[in-house]
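I have placed the structure first, in the form of structure tokens, so that the comments after it can refer back to it.
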Amino acid sequence: MLHEIKKSLPTSEQIALVNMERLRNNPYPGRGIVMGFDAEGKTAIQIYWVMGRSKNSRNRKLVLKDGVVKTVPFRKRLVEDPSLIIYNAMRSINGAHIVTNGHQTDALFEGIKNEEHFPDVLSQWSEEPDKPNYTPRISGIVFPKKTSAWSGDTSSMVFSEIRRSRSGQTIHEYYPYNSGILPGFGKCIHTYEGDGKPLPSFRGNPYSVLLEGSIDQIAKTYWDLLDKNNRVALAVKTIDLESGDVDYRIINKLSILHPRAVLVFQFSRN
């Protein structure tokens, strides 16, 4: 009987596929982060995506400059309020690779430079002040080997979510992973459970997804998972865990030459 029960349980791959299909069917997960490893476990992978419903949110793209992935306006003259839509999304320092959905990217960069712990840096931050949505601030870090930047332990990846509770309090959640992410898998977190008025904040642990194929295949897979009407831009970053070499792929919905085309911009840096 026990053997039969075990056979009926879904595999890790099946669970990940169900989660990815749920993401595909979500019209508005908002901004999202995925972190995990390639199939050999030798490369860490970070994904960040941007979505938008308003003209202000959709009027932007992701660019790579001097090792920093950032959001920039597509047409500057159309920007209404840059405070929550223009920011550095991916940075690295001292072997730590940061990805977030807002200005906390720079706070974490400075904190790690000053040897502060991840939760200490974010302890004074709250959810975004975009009433009535109060969008969560989501963050992730891939740490170098044998780091103590995460409260003294050696977790290789940590997610953070800062969100507003139903009673109006700010909640800080941290999700550290050391051996909890298998090769070929990642964990995913995003700002919203789905569309709505107001937008419902994501709640619960980061969920499992697959990370299969080359960096180009991963970029295409996750771009295709996002709602085609609301997706804005996506970046994939790979980090060789031995050499520290990184590679990037960026997909933007808008381009200067073809405003309605999807172009893939490829960058690499050793």
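Where a number appears in this text, it was derived from the coordinates with a stated rule and is not lab data. Just so it is clear, the structure is predicted and the values come from calculations on it, not from any experiment. Reconstructed Cβ throughout: ideal geometry from the backbone, glycine too, with neighbour counts over all protein chains shown.
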Out of S12, I181, G30 - ranked by how far each Cα lies towards the positive end of the dipole of the chain, with unit charges on the beta-carbon of charged residues - the top one is G30
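If R0 is 25 Å, what FRET efficiency do you get for K131 and A39 from their C-beta distance, rounded to 0.05?
Efficiency at R0 = 25 Å is approximately 0.05.
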Just to confirm a number: summing +1 for Lys and Arg and -1 for Asp and Glu over residues other than P198 whose beta-carbon lies under 13 angstrom from that of P198, what do you get? +1
By the scheme Lys and Arg +1, Asp and Glu -1, what is the net charge of all other residues having a beta-carbon under 13 Å from that of I218? -2
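Counting each DSSP H run of 4 or more residues in the chain as -39500 (n - 2.57), what helix-only mean residue ellipticity at 222 nm follows after dividing by all residues, to the nearest 500 deg cm²/dmol?
Counting only the DSSP helices, I get -5000 deg cm²/dmol.
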For the range 21-269, give the magnitude of the charge dipole about the Cα centre (Cβ charges: +1 Lys/Arg, -1 Asp/Glu; no others), in debye to the nearest 20. 1180 debye
Could you point to the residue in S54, H172, L210 farthest towards the positive end of the range 21-269's charge dipole, with +1 and -1 charges on the Cβ of Lys/Arg and Asp/Glu respectively? S54
I want the local charge near K113. Using Cβ-Cβ distances under 11 Å, sum +1 for each Lys or Arg and -1 for each Asp or Glu among the other residues. -3
For the range 21-269, calculate the relative contact order in percent as a whole number, restricting contacts to Cα pairs under 8 Å that are 6 or more residues apart. 24 percent
Ranking of S92, S165, S179 by count of other Cβ atoms within 10 Å, fewest first: S179, S165, S92
